[in-house]
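One structure is given below, encoded as structure tokens.
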Amino acid sequence: MKKLMFFVTSLKTGGSEKACVRTANALVPFFDITVCTLFGGGALQKELSPQVNVKSVFPRFIRGAAHIASYIPPEICHKLFIGGGYDIEIAVGDGLESHIVSGSKNKNKYSWIHMDVRFHGNDKSKKTDKRFSSFKRIICVSETAKHGFISKFGFGGKLEVAYTPVDADEIISKSNEKSDVSCPFDGDFYISVGRLEDVKGFDRLIEAVAANDGVRLVIVGDGTRRKALAERIERVGAGERIFLAGNSENPYPLMKRAKAYICSSLNESFGFAPVEAMALGIPVISTRCGGVEEILNSDNSGILCDNSVDGLRKAIADFESGKLKTDKAAAETRARDFSPEKCLKKFIETVE
């Protein structure tokens, strides 16, 4: 079997990290897989299949190490951190990961883009031009990510789109386990899952929910904005209706109980949680934020609203009144379009 290596900064909880773990596990039958991390011990590391080899440069996070590495020539970084012996090398991210993997002498190396780079990451420069020109292909997780990359960096001839797999059967199975979240709400509530960071738009979601009397919301996740969001909840007088649940290793039992899932992001390159909610038959309401628009693309599989507080407020109000509805069967069918069987075929074709 060919030896395929993913290089990622860490396996902390995040979209690109989750994509790396899920894809590595799904590729086990086809490749000898190694996941190489700069920092070991991330929360998602334990979700890797026992058949996936794990290699960590540092056993745990070291402050400043990633910043220093970004200034070291990629050839030296690659030799120090990764070494040789792999047939295929994939950088999980456009920044430090791609910087380091670009230093490989291996011709079969790829940059895997998980975000809309128009809103994140490095600016275009001679350094980024040299970095991305070294890759055989640049893989994007959605058309949104692809168009964003082209508009910022170019390299249109190198780009391929391969959606990240979501195993609906696994999500359904996990939803039948015991929840690790103590939810204070017995009746109807909405749910949203994600890092408590500005890009997820939770501040706007809080405002929109507060403006709809009687509506309750659970937000699952943690991040640097937790304190600010908690203060905002109190400020708008919604302390009895909006609950910050913190991190959850398995949010699906709680998600299955919700009346709808809400994505309030400013921008998304893909969107795991909306697909997972659809797999569970839960209605999805989302801002028009890029990647999720590709997911909710037809057959009334979800509700799209303006990317604003008022857009969210109105969508929630219309869903509450019955003016807006989704088709459960269509949503479940659409979620299956992102099955490992369908998504991995394109990914394997690209790296082969």
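Values for this structure:
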{"item": "Search result, residues across region 312-333 that are without any contact (Cβ under 8 Å) to a residue 24 or more places away in the chain and either basic (K, R) or assigned to a helix (DSSP H, G or I) (or both)", "result": "K314, D318, S321, K323, A329"}
{"item": "Failed item in (1) open to solvent by 30 Å² or more (accessible area, probe 1.4 Å); (2) farther than 24 Å from S10 by Cα; (3) in contact with a Ser or Thr (Cβ under 6 Å, 6 or more places away or on another chain); (4) among the polar types (S, T, N, Q), with N122 passing the rest", "result": "(2)"}
{"item": "All positions within region 200-211 that are part of a loop (DSSP other than H, G, I, E, B) and open to solvent by less than 30 Å² (accessible area, probe 1.4 Å)", "result": "G201"}
{"item": "Selection within region 212-224 - in contact with a strand residue (DSSP E or B) (Cβ under 9 Å, 6 or more places away or on another chain) and in a loop (DSSP other than H, G, I, E, B)", "result": "V215, R216, D222"}
{"item": "Residue that is farthest from L280 (Cα to Cα), among those in region 179-198 that are of a type in the set (D, E) and assigned to a loop (DSSP other than H, G, I, E, B)", "result": "E197"}
{"item": "Residue list for region 185-199, restricted to those being more than 18 Å from E320 (Cα to Cα) and either open to solvent by 80 Å² or more (accessible area, probe 1.4 Å) or in contact with a Gly (Cβ under 8 Å, 6 or more places away or on another chain) (or both)", "result": "V193, G194, R195, L196, E197, D198"}
{"item": "Any strands (runs of 3 or more DSSP E) falling wholly within region 1-103 and containing at least 3 residues that are open to solvent by less than 50 Å² (accessible area, probe 1.4 Å) and closer than 27 Å to K146 by Cβ", "result": "3-8, 32-39, 88-92"}
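The values are calculated or read from the model by the stated rules, or taken from the named source; none is laboratory data. All values reported here derive from a predicted model rather than from experimental measurement. Reconstructed Cβ throughout: ideal geometry from the backbone, glycine too, with neighbour counts over all protein chains shown. Surface accessibility is based on the protein's heavy atoms, side chains included, excluding ligands, DNA and RNA. Shrake-Rupley method; radii C 1.70, N 1.55, O 1.52, S 1.80 Å.
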